[in-house]
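Visitor: After the structure tokens below, expect a handful of questions from me.
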Amino acid sequence: MTSSAALLKACVRSGHQRGPSETREFHELTKRDAQIRLEKELDNLLDTVDDPDRKHELRNETSRFAQLFNRFLQEDGPSVSWDKIEKLPEGAVRDYKTLTAPAASDIKYMLNKLVVIKLNGGLGTSMGCHGPKSVIPVRNDLTFLDLTVQQIESLNKQYDADVPLVLMNSFNTDEDTEKVIRKYKGFKVKIYTFNQSCFPRISRDSLLPVAKDYDVDKYLEAWYPPGHGDFYESFAQSGLLNQFISEGRDYCFLSNIDNLGATVDLNILNRLIQEQATGKPLEFVMEVTDKTRADVKGGTLIQYENKLRLLEIAQVPPEHVDDFKSVKTFKFFNTNNIWAKLTSIERILREGRLNMEIIVNPKTLEGGLRVVQLETAVGAAMKCFEGAIGINVPRDRFLPVKKCSDLLLVMSNLYSLQNGSLIMSPQRMFPTTPLVKLGENHFSKVKEFLSRFANIPDIIELDHLTVSGDVTFGRGVSLRGTVIIIANHGDRIDIPPGAILENKIVSGNMRILDH
């Protein structure tokens, strides 16, 4: 759906031909009418709130949503003109290998300038779990949140530092997260939380909110957290941005909580602190890594109108999607590990210069109602900062767990656990992880996935694994090279304990063929 196409189609009455200027005027009127109607509906929603303090807080939030909606109406077609994309200038993306390690005597000072922020708004429903995704056990019965807290505590203890951990929750995860973090009270980590915005989903037909009052719990489906691009304004609104600036902190490191590779990197932090000392600080750093064929949909960096910026697949004109996916044309993709200068965030917000492309995300609710949610991505703010660069980091800084196939990797002997960080086994001959594809019908939910393995196979020498159908694995199985296991409908394959499968295809009747 283009920005205002649905609205204009719905509003145009057939049977009356208009001239160009008349049509333009009509379009402007329909847009203005949609904005006025939306703001009136938002006022009606606010009228259902009795508490004056909450009403004031929500008024700020609805005002931000109205601005987002207005921009959605004004935008027409893709936000990028393909012909205007320029070649990345020299130095726009620095190689991680060129960074230097800090002197041991500087590390405590550097860490005390840092705030670590984790995006913690997602639920575990896609993996069959209830509650926040961050409380799914991923290794040794430790959750994403446990590992994150361990990482920060280890830094604080080792260097006698005081790095705080901040969680950006959504209305979906806030209550459960607050209960969980009580168990970290005795740890050497200060933990702060704040909530991102809660915006109303809008009907695709009327372009009006589907909610009738501000009782979010009563009709959860009518509301949504508007993507991680909401971080900047919600962080400022919470008071934490100004608090950390007043404490003398300079940078935040922000990443997805389900990216187990996104640990504090002292070499990157050292570069930021060094550049700051020159008087020309880097205000924004995006970690990118080499694109493989598995990452073709990931956002990439481009030079556009003399600014470095993030290009997402949603912004690409349809006729150029294949160009966007080309590994040769766009070599890097965004890991969503972001480093940003706190005073620069404050300045951009104060000057009203925050501008991120809108992602239009269509959904269908349970009753069949078609809605739209308007979102933004945190990396899209890159163009608003001065001195923004990309750093091409090793692949091990991008280790997201989105599916059970990712869980198989992080639970396996590919990694060992050290102070909350996953370390690739030195026995692995090459730095890339195996490509694992597990069938949706039998392996998509964590509980069922775990029930299919007596223990996780040895995959140190695995390149590619495809499993489809009703398949179980005995204890001590070893998978090497390319292994494909396909149980046909109605068949079941049990890989026996101690089996070694190397470059094999296992078919429905348990025939094992060389691959």
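The values are calculated or read from the model by the stated rules, or taken from the named source; none is laboratory data. Keep in mind the model is a prediction, meaning the values are calculated, not measured. Backbone-built Cβ (ideal geometry, glycine too); neighbour counts: all protein chains shown. Heavy atoms of the whole protein, side chains included, go into the accessibility calculation; ligands, DNA and RNA do not. Shrake-Rupley method; radii C 1.70, N 1.55, O 1.52, S 1.80 Å.
Visitor: Do any strands (runs of 3 or more DSSP E) lying entirely in the range 286-368 carry at least 2 residues that are modelled with pLDDT of 95 or more, within 30 Å of Gly248 (Cα to Cα) and touching a helix residue (DSSP H, G or I) at 6+ places or on another chain (Cβ under 8 Å), and which ones are they?
Guide: 332-341
Visitor: For the range 438-458, state whether one or more residues are in a loop (DSSP other than H, G, I, E, B), over 28 Å from the mean Cα position of the chain (by Cα), in contact (Cβ under 8 Å) with a residue 40 or more places away in the chain and crowded, with 17+ Cβ neighbours inside 10 Å.
Guide: yes
Visitor: Would you mind stating whether Asp162 is farther than 25 Å from Val401 by Cβ, open to solvent by 40 Å² or more (accessible area, probe 1.4 Å), acidic (Asp, Glu) and in a helix (DSSP H, G or I)?
Guide: So Asp162 fails the test.
For every residue, the table says whether it meets (1) open to solvent by less than 10 Å² (accessible area, probe 1.4 Å); (2) touching a helix residue (DSSP H, G or I) at 6+ places or on another chain (Cβ under 7 Å); (3) modelled with pLDDT of 95 or more.
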{"residue": "Asn112", "(1), (2), (3)": "no, no, yes"}
{"residue": "Lys118", "(1), (2), (3)": "yes, yes, yes"}
{"residue": "Arg139", "(1), (2), (3)": "no, yes, no"}
{"residue": "Leu142", "(1), (2), (3)": "no, no, no"}
{"residue": "Ala211", "(1), (2), (3)": "yes, yes, no"}
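Visitor: Shifting gears a bit: Restricting to the range 402-427, count the residues that are part of a loop (DSSP other than H, G, I, E, B), open to solvent by 20 Å² or more (accessible area, probe 1.4 Å) and farther than 19 Å from Asn455 by Cβ.
Guide: 4
Visitor: Still on this structure: Name, by its number, the condition in (1) in contact (Cβ under 8 Å) with a residue 40 or more places away in the chain; (2) exposed (fewer than 14 other Cβ atoms within 10 Å of the Cβ) that does not hold for Gly498.
Guide: (1)
Visitor: Looking only at the range 369-393, how many residues end up being touching a Phe, Trp or Tyr at 6+ places or on another chain (Cβ under 7 Å), closer than 30 Å to Pro281 by Cβ and not in a loop (DSSP other than H, G, I, E, B)?
Guide: So the count comes out to 7.
Visitor: Applying the selection to the range 465-489, what residues are within 11 Å of Leu438 (Cβ to Cβ) and either open to solvent by 30 Å² or more (accessible area, probe 1.4 Å) or assigned to a strand (DSSP E or B) (or both)?
Guide: Answer for the range 465-489, where residues must be within 11 Å of Leu438 (Cβ to Cβ) and either open to solvent by 30 Å² or more (accessible area, probe 1.4 Å) or assigned to a strand (DSSP E or B) (or both): Leu465, Thr466, Val467, Ser468, Val471, Ile485.
Visitor: Might you let me know whether the range 371-389 holds any residue that is open to solvent by 50 Å² or more (accessible area, probe 1.4 Å) and either touching a Gly at 6+ places or on another chain (Cβ under 9 Å) or free of Cβ contacts under 8 Å to residues at least 40 places away in the same chain (or both)?
Guide: The answer is no, given that none of the residues of the range 371-389 is open to solvent by 50 Å² or more (accessible area, probe 1.4 Å) and either touching a Gly at 6+ places or on another chain (Cβ under 9 Å) or free of Cβ contacts under 8 Å to residues at least 40 places away in the same chain (or both).
Visitor: Would you mind finding the one in Arg32, Arg37 that is in contact with a Ser or Thr (Cβ under 9 Å, 6 or more places away or on another chain), open to solvent by 70 Å² or more (accessible area, probe 1.4 Å), over 21 Å from Ser238 (Cα atoms) and of a type in the set (Lys, Arg)?
Guide: Sole residue among the options that is in contact with a Ser or Thr (Cβ under 9 Å, 6 or more places away or on another chain), open to solvent by 70 Å² or more (accessible area, probe 1.4 Å), over 21 Å from Ser238 (Cα atoms) and of a type in the set (Lys, Arg): Arg37.
Visitor: Continuing with this model, one more query. Take Ala101 and tell me if it is surrounded by fewer than 17 Cβ atoms within 10 Å (Cβ to Cβ), of a type in the set (A, V, I, L, M), touching a helix residue (DSSP H, G or I) at 6+ places or on another chain (Cβ under 6 Å) and at pLDDT 85 or above.
Guide: yes
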